[in-house]
Structure formats: C-alpha cells, structure tokens
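Shown next, in structure tokens, is the structure this report addresses.
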Amino acid sequence: MSTTLSIAYAQGRTVKVKAAPMTTLQAVVSEACAKIPNSAHPESYQLIHNKKALDLSLPVRFANLPQGATLTLKRVSSAAPTASSISRPQQKGGNGSSRQQLIKVALQVVGGSRIINDFDSSATLWDIVYSAEDGAQGTLNLTAR
C-alpha cells in the first residue's frame, strides 16, 4: 500500500510523489527533484514537516507522517545538519559544551518480566545488555558468557 505525499517547493507550487511504506525519504526527495524543472542535485535539499527537518535516511513508515502529508522541500547549504546530527540530539551544558542525555531503556525478557534502567545516550547495546545481566544477579544470561 502506498501513500501520496505532497511536496511544496518555490512559491507555493507542489508536486505529488507516491511512496511505498519502506521507501526512504531520500528517495522521495530524489523523485521530487526529478519532477521539478531546473532543480539541483537531490543531495542539496532537505524535507521539512511542521518546521522540523526530517531524517532522510528514515523510511516513510517510520517518519511519523500523517496520510497525505504536505512536506516542504528546502535547499540547504553545505553546513546544514546531516541525518546523524538530527537523530542524535544533544543538550548544551552551562559552559557551552555538549553533554550526553539520559535515556530510559526497557528490556522485555523471555520470562515476561521487564527491566527498566536509565542510561547515557552514548551507551552501546552491549552496555545495556551487560547491565541487565548484572542487575539480575546471575538469573539472566543474555550474552552467553
């Protein structure tokens, strides 16, 4: 099942792009640029929805867009945020340095129980699984050590 996205560009003009659920937003930008006369390379554009830049590496299904959404195609400079900087938000400390955020992670194990802990946003999956094993005091073996 596909969805039709309206892509707004220069001075209120729009172009409609059909996209399957697993089509990436980068592919949507490429298709929109192919339909727009005199458009530059697709790499020089960003999709905007509700005044927020979208991560172009996401499929349409996971972009949290409503059915028939209208997106804005905006040309970006070379200093524009990349997909990795959009998907990894960081807070600014009092002195201007960036620091990691705390995130809450819940692991559902086979027995039906759920382990919920707070981790630094830089924690790896291995750190999270290892911490869950340590918290279970030997009753849980996820890493097969």
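The values are calculated or read from the model by the stated rules, or taken from the named source; none is laboratory data. Keep in mind that what you see is a predicted model, and the values were worked out from it rather than measured. Methodologically, a virtual Cβ is constructed for each residue, glycine included, from the backbone with ideal geometry; neighbour enumeration extends over all protein chains shown. We work out accessible area using only protein heavy atoms, side chains counted, and drop any ligands, DNA or RNA first. Shrake-Rupley method; radii C 1.70, N 1.55, O 1.52, S 1.80 Å.
You will find that of 39, 57, 44, the residue that is under 15 Å from the mean Cα position of the chain (by Cα) and modelled with pLDDT under 90 is 57 and no other. So, in the stretch 24-59, how many residues would count as being assigned to a loop (DSSP other than H, G, I, E, B) and open to solvent by 40 Å² or more (accessible area, probe 1.4 Å)? Adding up the residues that qualify gives 7. Restricting the stretch 1-22 to residues that are touching a residue at least 60 places away in the same chain (Cβ under 8 Å) and under 17 Å from residue 55 (Cβ atoms) leaves a set whose member that is surrounded by the most Cβ atoms within 10 Å (Cβ to Cβ) is 5.
This table checks each residue for (1) touching a Pro at 6+ places or on another chain (Cβ under 9 Å); (2) touching a residue at least 24 places away in the same chain (Cβ under 8 Å).
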position	(1), (2)
24	yes, yes
34	yes, no
37	no, no
51	no, no
66	no, no
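Candidates in the stretch 62-101 are the residues that are surrounded by 11 or more Cβ atoms within 10 Å (Cβ to Cβ) and part of a strand (DSSP E or B); of these, the one that is modelled with the lowest pLDDT is 99.
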